[in-house]
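Derivation of every value follows stated rules applied to the coordinates shown; laboratory data play no part. Keep in mind the model is a prediction, meaning the values are calculated, not measured. In this analysis, Cβ positions are derived from the backbone assuming ideal geometry, glycine residues included, and neighbour counts consider all displayed protein chains.
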Amino acid sequence: MSPATVLQYESPWPVYAMDWCKTPGPNNQSHRSAFRIALGSFTEDYRNRLAVIGLPDERLLIEDEGYAEGYSNISDFVMTAEIAHGYPVTKVAWEPSRLSTHWQHSSLTEILATTGDSLRLWEYASEPERKPGAYVGRNSGYLASRLSQMLSLSSVRRPSFPTSAPITSFSWNTLSPNLIVTSSIDTTCTVWDISTSTAVTQLIAHDREVYDVAWVPGSTDSFVSVGADGSLRAFDLRSLEHSTILYETPQPKSPANPNDPTAAAASRPASTPLLRTVFNPLDTNYLATFHADSPDVQILDMRSPGKPVIQLKGHRAPVNAIGWSSHEGSMLATVGEDSQALVWDLANGILAPPRAQSRTPGLTSPRPEAPIKQVVDPMLVYPSATEINNLTWSPPIPGMNIPGGGTTPSGEWLAIASSRIVTALKL
């Protein structure tokens, strides 16, 4: 018997939003509680769904032909709870581990947040702990847990939007979990205090739609955002009179012949949107972003704003999502329309000098005048049958002794969403 390295789930609907739960289940000491993923659909109607999937049995983490007999072509994960969401789910996230100190809820429940037409909070009531034998097969179809909506918060209406503008993304503050900042297509970012269900502040953040937002790790005052105007901007709630532009889409090169329309069209317009931004959780100087319709990923150093310090050039089609490992500060995953998931190891002189192999906070920044490093070789390539829409990292999961025999090594998993298929890869 050997440890499983790939787990899969086939959803009844197309999956877009996803987040791997970073904390053990409440009052649940079983190893399988570390394998819970929240999923949200994105279909162009009002029949979208929010769900939580999990492992029905820890023995699925061991490739045992005797146990697997009769379960071929069936999902490893099962859906434990599902609820209607209406508007497409633009993002989903589990509560930070410290939220329970700010938000009163049962010890048997957890909280999720989603965005779409509004910011919504959901209560997830976990199933009672069951023995593995209580499950019949892998795809028993049970919904033993429950999701219920707690509250819905909508952006302040602006004159150009007769109704609340859709929310594109959000970021949950891990230091003060009662704070969530959202981004919207109405050019604004809004900071919410979910403990009082009120907007702390709302500001016009960009000239056009705002596509993503992220708190600076370890701060309750600073966040960054990216948008359709092609800029990445930093804001400080203590001084909202101005923002700091950390990066802007490069100006297009002037064609050799200004009258040649073909040459002019080949230049990338200055307003190419930036779609996502993600901080390195172990070194907050670094954050990653990417342009719309671009196969490249830019890594920026907040101490050297203005241009990327690293460019990842491994995809053959536009990138759809990026995410840093929460355990290995030099590991970044990217997925795209080329049906590939790439994992990049940026240690060994890329993020850190050769003499400092540490993957912990305090990595040395390249000099501002240093040329942009071009990285073309990922450490891992996983091909998918179709375009990959999104990804999420697991927390570090310790090794396990599986009932019935077998052990699993410690480490992280990477889950990717490709149409209706969710695949979890052991790294």
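Structure note, pairs Lys22/Lys91; Lys22/Lys426; Lys22/Lys373: Cα-Cα distances above 26 angstrom occur for Lys22/Lys373. Averaging the sequence gap over all C-alpha pairs within less than 8 Å and six or more residues apart, then dividing by the number of residues, gives the range 155-236 a relative contact order of 23 percent.
For the peptides 412-420, 398-406, the ranking by packing is 412-420, 398-406, with the highest mean count of neighbouring Cβ atoms within 10 Å listed first. Placing a pseudo-label 7 Å from each Cα along the Cα-to-Cβ vector at Ser97 and Asp193 gives an inter-label distance of 2.7 nm. Spatial offset of the range 191-222 relative to the range 407-427 amounts to 31 Å, using the alpha carbon center of each.
Site pair Asn401 and Ser154 shows an inter-label distance of 5.6 nm when each label is modelled 7 Å from Cα along Cα→Cβ.
For the range 292-300, putting each phi into the Karplus relation 6.51 cos²θ - 1.76 cosθ + 1.60 with θ = phi - 60° gives couplings of 4, 6, 10, x, 9, 10, 9, 10, 10 Hz, in residue order, rounded to whole numbers and with x for Gly and Pro.
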